[in-house]
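Every read-out reported here was derived from the displayed coordinates using simple, explicitly stated rules and does not represent laboratory data. Computed from a predicted structure; not experimentally measured. Every residue, glycine among them, receives a Cβ derived from its backbone with ideal geometry; neighbour counts consider all protein chains shown.
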Amino acid sequence: MNPHTRKCRLRPERLHLTHPPSLPRSNPLPYTLPHQKRLPKMLRSKLRSIAPHAQFPLIVNGPMMGVVSPALAAEVSKAGGLGFVASVLDVSAGSAQLSKLEEDIKACRELLRNHVDLTPRLPIGISFLTSHKSIGLFKETALPIVRAHKPLAVWLFAPQESIKPHAEIIAALKGLETPPTVFVQVGHLTAAREAVRDGADVVVCQGSDAGGHQYVRGSGVVSLVPSVRRMIEKEFPDKEVILLAAGGISTGDSVAATMVMGTAGAVMGTRFTVANESSYPEFRKEMVLKTTDGGTQTLKSSFNDLINNSPVWAHISHTYDGRAIIGPLHERFMSGSSLEECQEALHTEYTEDEAKKVLSTWAGTGVGLVEKAQPAAEIVREVREEAVETLKRATELI
């Protein structure tokens, strides 16, 4: 709130609400947030155009490899969120990942048929990790898939700093007859500025509380979102860029907090790892549900990728690291053992199956708030309703 506002009980209209917050959830944009300065009509129109099937606040599942199934993505979209299928890394010709992507898109189309409008764009997102050596082939191999299947959104993340392919990729996507909405995931202000300059429609502001992979040098979501919002207002005043928050967000009250800072909703990862439709192995789901303190029981470190020489992340561990649930090898590393000693222990003290279970259970600091397995659609509806109720309660604090 403006610090000069008098301390008294305010009616909703004093908070710049365009409609009472008790409006039905079917309303596509029930309120305008104070920090967004009465979202202009054009921006409200863009919010609707990004996901015309969706309800707000917009709830999105992260495009997690090894977690997201077509059923999960479809259920998120059915419930009024935006479902993303798992990210693709290898876009070389004949890539098995690209073949799997097409299979996932087709599966989503069948699952969504008779539930939501499938035209002009399929209400599903697809995602690419852009650090792979094959990324230069994007226009030849991946773009035709986008052109053929017309997904609503394309998500980009993790470019190699020496390559920076996003501007060229985004230009190619926007040149399509039915262009997707482009999401770019960032972790600090510099990356956000570059994403806006490259042409991103949606900037996913991922704070350092996130599970899985993120920038080594990043900001917490509470400082990142307002920093990015103010940067866009100051440096790109004519651009209508939508912000989503990510990182440590597992509940509706967290979503509401980010909306007050200027987002249109949030991306969640850890909460969806235990969804009924998640393909996360059962032993990892159990670890997520048993972890009660994300601050002391997870570790954000390149150790998570270097310990097993991850083919996806180890070679860029100076730029990106990950947060995972702590196991016995993490404890050994944090107690002073070297990486090499931990690697030796991994190979000599654990079977291959045991090694899988002590590493790479990715989870954010909000993991302690994830208390049960649920259908993905139920998660979306529950979080959205919690967010709206939290915003309504917040008006009583003034």
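For the chain, what does the helix formula give at 222 nm: sum of -39500 (n - 2.57) over DSSP H segments with n ≥ 4, over the residue count, nearest 500 deg cm²/dmol? Can you show the working numbers first?
Values: 16 runs with 151 residues, N = 398.
Helix contribution divided over all residues of the chain: -11000 deg cm²/dmol.
For Glu371 and Glu396, calculate 0.36 nm times their separation in residues minus their Cα-Cα distance, and state this gained length in nm to one decimal. Don't skip to the answer; put the middle values down first.
On the way: separation 25, 0.36 × 25 = 9.00 nm, distance 2.85 nm.
Gain on extension, Glu371 to Glu396, equals 6.2 nm.
If the only charges are +1 at each Lys and Arg Cβ and -1 at each Asp and Glu Cβ, what is the size of the charge dipole of segment 295-362 around the Cα centre, to the nearest 20 debye? It would help to have the intermediate numbers written out before the result.
Working: 5 positive and 10 negative charges, 69 e Å.
Dipole size: approximately 340 debye.
Can you give the angle from 0 to 90° between the axis of helix 96-112 and the longest principal axis of the chain, with both taken from C-alpha atoms, to the nearest 10?
It is inclined by approximately 40 degrees.
Work out which GluC sites (Glu not before Pro) in the chain are exposed loop sites (DSSP not H, G, I, E or B, at most 15 other Cβ within 10 Å) and give the longest gap free of them.
Values: sites that count: Glu161, Glu177, Glu240, Glu371.
The answer is 1-160.
Would you work out which of Leu101, Gln55, Ala191 lies farthest towards the positive end of the dipole of the chain, given +1 charges on the beta-carbon of Lys and Arg and -1 on that of Asp and Glu, about the Cα centre?
Checking the options against the dipole of the chain, the answer is Gln55.
When the chain is modelled as a GNM with alpha-carbon springs shorter than 10 Å, which of Gly212, Gly187, Gly327 fluctuates the most?
Between Gly212, Gly187, Gly327, it is Gly327 that shows the largest mean-square fluctuation.
Which of the trypsin sites (Lys or Arg not before Pro) found in segment 180-249 are loop residues per DSSP with 16 or fewer other Cβ atoms within 10 Å of their Cβ?
Values: sites: Arg193, Arg197, Arg217, Arg229, Arg230, Lys234, Lys239; in loops: Arg217, Lys239.
Filter output for segment 180-249: Arg217, Lys239.
Let me spell out the model: positive unit charges on the Cβ of Lys and Arg, negative unit charges on the Cβ of Asp and Glu, origin at the Cα centre of segment 58-146. What dipole size does that give, in debye rounded to 20?
Values: 8 positive and 8 negative charges, 21 e Å.
Approximately 100 debye in magnitude.
Lys/Arg Cβ at +1, Asp/Glu Cβ at -1, dipole of segment 295-362 taken about the Cα centre: which of Leu299, Leu359, Thr348 is farthest positive-ward?
Leu299
Which residue fluctuates the most in the chain, going by a Gaussian network model with Cα springs under 10 Å, if the choices are Leu82, Leu58, Leu98?
Leu98
Say each of Glu354 and Asn309 gets a label point 7 Å from the Cα, pointing the same way as Cα to Cβ; how far apart are those two points in nm?
Simple spin-label model gives 2.2 nm for this pair.
Quick one: among Cys108, Cys342, Cys205, which has the greatest mean-square fluctuation in a GNM of the chain with alpha-carbon springs under 10 angstrom?
Result: Cys342 has the largest fluctuation of those listed.
Which one of Pro311, Leu329, Ser87 has its Cα pushed farthest toward the positive end of the charge dipole of the chain, where Lys and Arg give +1 and Asp and Glu give -1 at the Cβ?
The Cα lying farthest towards the positive end belongs to Ser87.
Add +1 for every Lys or Arg and -1 for every Asp or Glu among the other residues with Cβ under 11 Å from the Cβ of Ala148, and state the total.
Details: positive: Lys106, Arg147, Lys150; negative: Glu102.
Computed value for this residue: +2.
Add +1 for every Lys or Arg and -1 for every Asp or Glu among the other residues with Cβ under 14 Å from the Cβ of Gln206, and state the total.
Working: positive: Arg217, Lys300, Arg323; negative: Asp209, Asp321.
Once all neighbours under 14 Å are counted, the net charge is +1.
Is the shape of segment 142-282 best called rounded, prolate or oblate, per the rule: a/c under 1.5 gives rounded, else a/b larger than b/c gives prolate, else oblate, with a ≥ b ≥ c the square roots of the Cα gyration tensor eigenvalues? Display every interim value, and only then the final one.
Working: a/c = 1.59, a/b = 1.12, b/c = 1.42.
Cα axes put segment 142-282 in the oblate bin.
Which far-off residues, 5 or more places away or on another chain, put their amide H under 5 Å from the one on Ser208, with H placed in the peptide plane?
The answer is Ser219, Gly220, Val221.
Would you compute, for the Cα atoms of segment 295-362, the largest minus smallest coordinate along each principal axis and list the three values in descending order, in whole Å?
30, 27, 22
Against the longest alpha carbon principal axis of the chain, how many degrees, from 0 to 90 and to the nearest 10, is the axis of helix 339-349 turned?
The helix 339-349 is inclined about 60 degrees to the chain.
Kindly rank 243-251, 64-72, 48-56, 121-129 from highest to lowest mean number of other beta carbons found within 10 Å of each residue. Don't skip to the end; give the middle numbers.
Values: 243-251: 27.3, 64-72: 22.3, 48-56: 19.2, 121-129: 25.7.
Top to bottom by mean Cβ count within 10 Å: 243-251, 121-129, 64-72, 48-56.
State the extension gain, in nm to one decimal, for the chain segment bounded by Glu331 and Leu176, taking 0.36 nm per residue of separation less the distance between their alpha-carbons. Write down the numbers at each step before the final one.
Details: separation 155, 0.36 × 155 = 55.80 nm, distance 4.96 nm.
Working it through step by step, the gained length comes to 50.8 nm.
Between 0 and 90 degrees, rounded to the nearest ten: what's the tilt of helix 41-50 against the longest Cα principal axis of the chain?
Its long axis makes an angle of about 40 degrees.
Dipole magnitude of the chain about its Cα centre, charges +1 at Lys/Arg Cβ and -1 at Asp/Glu Cβ only, in debye to the nearest 20? It would help to have the intermediate numbers written out before the result.
Details: 45 positive and 42 negative charges, 438 e Å.
Roughly 2100 debye for the chain.
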